[in-house]
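The values are calculated or read from the model by the stated rules, or taken from the named source; none is laboratory data. Everything quoted here is computed from the prediction, not taken from an experiment. Ideal geometry is used to build each Cβ from the backbone, glycine not excepted, and the neighbour counts take in all protein chains shown.
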Amino acid sequence: MTNEPNTPEWVHKHNERKAEDARLEATAAEQRRATAATVQAGGQDFWKRFVDRTIVNVRALPDLKGEELIGSVSPSTGGPEHSCHIQVNRSSVRYGPELSRMNLWYSPGGNQIRCWYQDQPMPNFVLGVGGDEVLAAVGDDDYTAEQLADHIIEWMAARVKVRRSA
């Protein structure tokens, strides 16, 4: 028994470290449960705000001066998984056509948005919590739903914009 008067100090320290490790793991597990609950509850709102902002972004594409860009967004909420097909096109007679397509899927209550760009998969956007709101991780950056929509459409537009020589 470690409570004996003759128990060496190193045994006491070892047992204290083990108790602290167990306490830290319990705290981390509780934090993970809280984060998962927040993402599960707020993920669907995140998805809706993301799709709404994506539509705003795509409708603004023709306003990019000199780029001749158009786009479309086709969201679907039927079935067990929501989806959104995004297309950004350069439809220019002068510079030629160019197309950028992305498909995204979200399972309500899930913690990620699956991505497919053109003809290849992309890393998924992992949903997490920052402060008290749901955010999506893209690489090392976290985005709100609106920021993610802006980021994606800007990125897609950059891929089809006219390349002018300097």
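Tabulated data
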item	result
Of all residues in the range 106-133 being modelled with pLDDT of 90 or more and of a type in the set (Val, Ile, Thr), the one that is nearest to ARG32 (Cα to Cα)	VAL126
Residue match in the range 121-130 (condition: in contact with a Phe, Trp or Tyr (Cβ under 8 Å, 6 or more places away or on another chain), surrounded by 15 or more Cβ atoms within 10 Å (Cβ to Cβ) and touching a residue at least 60 places away in the same chain (Cβ under 8 Å))	yes
Count - residues of the range 70-100 that are more than 25 Å from PRO121 (Cβ to Cβ) and not basic (Lys, Arg)	6
Residue match in the range 107-115 (condition: surrounded by fewer than 17 Cβ atoms within 10 Å (Cβ to Cβ), within 30 Å of GLU68 (Cβ to Cβ) and touching a Leu at 6+ places or on another chain (Cβ under 9 Å))	no
Criterion violated by THR27 - all others in (1) exposed (fewer than 12 other Cβ atoms within 10 Å of the Cβ); (2) in contact with a Phe, Trp or Tyr (Cβ under 9 Å, 6 or more places away or on another chain); (3) among the hydroxyl-bearing types (Ser, Thr, Tyr) satisfied	(2)
Residue identified as part of a strand (DSSP E or B) and without any contact (Cβ under 8 Å) to a residue 12 or more places away in the chain among PRO75, PRO97	PRO97
Selection count, the range 100-113, where residues are part of a loop (DSSP other than H, G, I, E, B) and touching a Ser or Thr at 6+ places or on another chain (Cβ under 8 Å)	0
The range 45-69 residues that are under 16 Å from ALA158 (Cβ atoms) and surrounded by 14 or more Cβ atoms within 10 Å (Cβ to Cβ), paired with ones that are among the aromatic types (Phe, Trp, Tyr) and at pLDDT below 95 (beta carbon under 8 Å, 6 or more apart)	GLU68/TYR95
Within the range 70-91, tally of residues that are touching a strand residue (DSSP E or B) at 6+ places or on another chain (Cβ under 8 Å), more than 17 Å from TRP155 (Cα to Cα) and of a type outside the set (Asp, Glu)	6
Sole residue being assigned to a helix (DSSP H, G or I), charged (D, E, K, R), modelled with pLDDT under 95 and under 16 Å from GLY110 (Cβ atoms), chosen from ARG32, ARG23	ARG32
Complete set of residues in the range 114-129 that are part of a strand (DSSP E or B) and more than 12 Å from the chain's Cα centre (by Cα)	TRP116, TYR117, GLN120, PRO121
Total residues in the range 78-94, condition part of a loop (DSSP other than H, G, I, E, B) and either among the β-branched types (Val, Ile, Thr) or crowded, with 16+ Cβ neighbours inside 10 Å (or both)	1
